[in-house]
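Derivation of every value follows stated rules applied to the coordinates shown; laboratory data play no part. Not measured: the values here are computed from a predicted model. Please note: Cβ atoms are built from the backbone with ideal geometry, for glycine as well, and neighbour counts cover all protein chains shown.
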């Protein structure tokens, strides 16, 4: 209640007497840090009392505090969380060895241009820090294999770099954690605006294979992915595919999926795209969404 009332006096009083109240949650699984978004003074106060331990806590909606800071449009709150080490890709509570991209995409999609730009800047800065950490701890030959001596933004090899660092017992700050082997263009529900901002900031490679052997042009187009009931999401998905093609994504590259995955090894990106367009047509919605592939 003290956080909701924006009372720094009451927050100080309560946390001084009951430090464990910092870990309390409301019926939505939200901590005081979630609720302090939009109130930078209170957020800094909570961190002073040890809120670093809950900075990446996901509420019942799957959101960490930085998502709410973005939704509130409070750049100062977001800066505080990023400076404190809030992870852009927190661990999935149901799959503790996998990291999710959902928070980053939601934060970007629901934010202003300034907030969205800051999120992408933070991602770039953290990939630069990861590259520097790897250069300081990996042998030159290994660093060269990862392309760490170039000036390109670390993307395709970021997951492998983390594995190599962990193999050498190098501690990786949570803020530098990356999702599974993929590129930023594999992020599920990636918006066209976010994709363009990422591209402008240096993520130029749109032809990267993820852990399933699929390029961004193929991802989310596999048969088991159902057509979104929200036509706006369907339109965004197809617009993004058209954008990828405009940036050089190859329609004729074949999947590199492991044997037994159920993916035809001779299937090209064009096959994936054509199959999904055919599914749209079969459900009678092609007239609503296909024209949006023309940018």
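Please label the shape of the range 99-189 as rounded, prolate or oblate, based on the square roots a ≥ b ≥ c of the eigenvalues of the alpha-carbon gyration tensor (a/c under 1.5 means rounded; beyond that, a/b larger than b/c means prolate, else oblate).
prolate
For residue 17 and residue 171 in one chain, what is 0.36 nm times their gap in residues minus the Cα-Cα distance, to one decimal in nm?
Between residue 17 and residue 171, full extension yields an extra 52.0 nm.
Quick one: if the Förster radius is 25 Å, what FRET efficiency do residue 83 and residue 149 give, using the C-beta to C-beta distance and rounding to 0.05?
0.30
Using Stokes-Einstein with the Kirkwood hydrodynamic radius over Cα pairs, what translational diffusion coefficient do you get for the range 139-212 at 10 °C and a viscosity of 1.306 mPa s, in µm²/s rounded to a whole number?
117 µm²/s
Hey, what angle do you get for helix 231-246 against the long axis of the chain, alpha-carbon based, 0 to 90 degrees rounded to 10?
70 degrees
Compute the relative contact order of the chain as a whole-number percentage, counting only Cα pairs closer than 8 Å that sit 6 or more residues apart in sequence.
11 percent
Relative to the longest principal axis of the chain, what angle (0 to 90°, nearest 10) does the C-alpha long axis of helix 158-167 take?
Approximately 60 degrees, to the nearest ten.
Can you tell me the orientation of helix 113-137 relative to the chain, as the angle in degrees between its alpha-carbon axis and the longest Cα principal axis, to the nearest 10?
Tilt of helix 113-137: around 90 degrees.
If packing is taken as the mean number of other Cβ atoms within 10 Å per residue, what is the order of 72-83, 17-28, highest first?
72-83, 17-28
Report the extension gain between residue 109 and residue 201 in nm, rounded to one decimal, defined as 0.36 nm multiplied by the number of residues separating them, less their alpha carbon distance.
Full extension of this stretch gives 31.4 nm more.
Grab every C-alpha pair in the range 50-206, bin the distances at 10 angstrom width from 0 up to the longest one, and report whole percents.
Calculated over all Cα pairs of the range 50-206, the distribution is 11, 41, 36, 12, 1 percent.
Need one number: nm distance between label points at residue 141 and residue 10, each 7 Å from Cα along Cα→Cβ, rounded to one decimal.
Using points 7 Å along Cα→Cβ, the separation is 6.4 nm.
If each DSSP helix of 4+ residues adds -39,500 (n - 2.57) and the sum is divided by the residues in the chain, what number results at 222 nm, nearest 500 deg cm²/dmol?
-13000 deg cm²/dmol
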